[in-house]
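> Before we start, here is the structure in question, set down as structure tokens.
The values are calculated or read from the model by the stated rules, or taken from the named source; none is laboratory data. Predicted model only: the values in this text are computed from it and were never measured. Methodologically, a virtual Cβ is constructed for each residue, glycine included, from the backbone with ideal geometry; neighbour enumeration extends over all protein chains shown.
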Amino acid sequence: MANSQPIIRLSGVSKSFGQTEVLREVDLEITAGHTTVIIGPSGCGKSVLLKHMVGLLQPDAGDVFFRQRKISGLSERRMVPFRRRMGFLFQGGALFDSMTVEENIRFPLREHSFGTDSMQKQRCREVLAMVGLDGLQERFPAGLSGGQKKRVALARAIALHPQVIFYDEPTTGLDPIRADLINELILRLQKMLNNTAVVVTHDMASARKVGNRILMLHEGKFIIDTTPDGLDRVSNEVVSSFIAGRAGPEELAELANHRITPLPKGETHS
Ligand SMILES: Nc1ncnc2c1ncn2[C@@H]1O[C@H](COP(=O)(O)OP(=O)(O)OP(=O)(O)O)[C@@H](O)[C@H]1O
Ligand SMILES: [Mg+2]
């Protein structure tokens, strides 16, 4: 059974960029061994929230804890032992284009002085096998499909046996079959490694499939905290429109200001 202490805790976290208030006194406890999914529209602050959990952004107010230790405000150097326990799948994959698949995966291993050269090679083979890509070690990212890039990035994220894996939009930009393959991988890794996962997404199929718990971020706060089944019982209009993928009056009003003028007769787009 999962440890009942939260592995990550946010307490009263607020963050603004200029006049834009992105997070407003957010409280959140991430349960160890579970997959917590955070949904919400583009620009609502999901990536900003994740970056606070891994210490890439600092809160204006409030604190972030890893187990019982406060990690907000730590210097990069003091963050290193905590980072070693975290795997991060960045939005867009973010592989180094000038490095081969193997070099990409070995990058965090080198940074954290993981074993000898042959141990690193072996670990690279293991994690590539886990994502079904052993044999592609010498390829460069330019020679991979979008789905393969995500899987390599996933292999890199798990290379150091992290206790928590953070996935930022793991299925975005993939066709439904490739997206489902990533969902299956997230589920399989969770079973195999028994780790904690935090997934940020606006892909509802993915949220339902991988999540034990689903939260929705809206205007700097969580407006739902439920289970995949619980989603169908939510009565909040903002939430149900989002889940159904329906534009509401606010979104449609944005279009009303931009009239679409037809081209004059005889003219074509060049
Ligand atoms: N480093 C930064 N400097 C200034 N503004 C930022 C910075 N990072 C994020 N923002 C702003 O914070 C808001 C939330 O951004 P964030 O990237 O968290 O959105 P998101 O929910 O992840 O969106 P998406 O689903 O499109 O990835 C946006 O208005 C964004 O412009
Ligand atoms: Mg984002």
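> Against the conditions (1) away from ligand 1 (no atom under 16 Å from the Cβ); (2) in a loop (DSSP other than H, G, I, E, B); (3) surrounded by 13 or more Cβ atoms within 10 Å (Cβ to Cβ), where does Ser11 fall short? Just the number, please.
Of the numbered conditions (1) away from ligand 1 (no atom under 16 Å from the Cβ); (2) in a loop (DSSP other than H, G, I, E, B); (3) surrounded by 13 or more Cβ atoms within 10 Å (Cβ to Cβ), the odd one out for Ser11 is (2).
> Follow-up question, since we're still on this one. Give the range 28-61 a look and list any residue that's of a type outside the set (A, V, I, L, M, F, W, C), surrounded by fewer than 18 Cβ atoms within 10 Å (Cβ to Cβ), away from ligand 2 (no atom under 12 Å from the Cβ) and free of Cβ contacts under 8 Å to residues at least 60 places away in the same chain, or say none.
Hits for the range 28-61 are Glu29, Gln58, Asp60.
> Phe166 passes all but one of (1) outside any helix (DSSP H, G or I); (2) out of contact with any strand residue (DSSP E or B) (no Cβ under 9 Å at 6 or more places or on another chain); which number fails?
The one condition Phe166 does not meet is (2).
> Condition first: surrounded by fewer than 16 Cβ atoms within 10 Å (Cβ to Cβ), in contact with a helix residue (DSSP H, G or I) (Cβ under 7 Å, 6 or more places away or on another chain) and not small (Gly, Ala, Ser). Can you find one or more residues in the range 183-204 that meet it?
Yes, the range 183-204 contains a residue that is surrounded by fewer than 16 Cβ atoms within 10 Å (Cβ to Cβ), in contact with a helix residue (DSSP H, G or I) (Cβ under 7 Å, 6 or more places away or on another chain) and not small (Gly, Ala, Ser).
> With the checklist (1) among the hydrophobic types (A, V, I, L, M, F, W, C); (2) without any contact (Cβ under 8 Å) to a residue 60 or more places away in the chain; (3) assigned by TED's automatic domain parsing to the domain that holds Gly33 in hand, flag the one item Phe166 doesn't pass.
(2)
> Quick one: is Phe17 on the phi < 0 side of the Ramachandran plot, within 16 Å of ligand 1 (Cβ to nearest atom) and not assigned by TED's automatic domain parsing to the domain that holds Met192?
Spelling it out, it is not the case that Phe17 is on the phi < 0 side of the Ramachandran plot, within 16 Å of ligand 1 (Cβ to nearest atom) and not assigned by TED's automatic domain parsing to the domain that holds Met192.
> Only helices (runs of 4 or more DSSP H) wholly contained in the range 29-125 count here; list those with 3 or more residues that are within 16 Å of ligand 1 (Cβ to nearest atom).
46-53
> Among the residues that make up the range 138-150, is at least one of them within 16 Å of ligand 2 (Cβ to nearest atom), modelled with pLDDT of 90 or more and buried (at least 18 other Cβ atoms within 10 Å of the Cβ)?
The answer is no; no qualifying residue exists.
> Residues Ala253, Ala179, Ala247, Ala197: which one is part of a loop (DSSP other than H, G, I, E, B) and of a type in the set (Gly, Ala, Ser)?
Ala247
> Among the candidates Phe17, Phe96, single out the residue that is aromatic (Phe, Trp, Tyr), out of contact with any Asp or Glu (no Cβ under 6 Å at 6 or more places or on another chain) and without any contact (Cβ under 8 Å) to a residue 24 or more places away in the chain.
When all the criteria are applied, what remains is Phe17.
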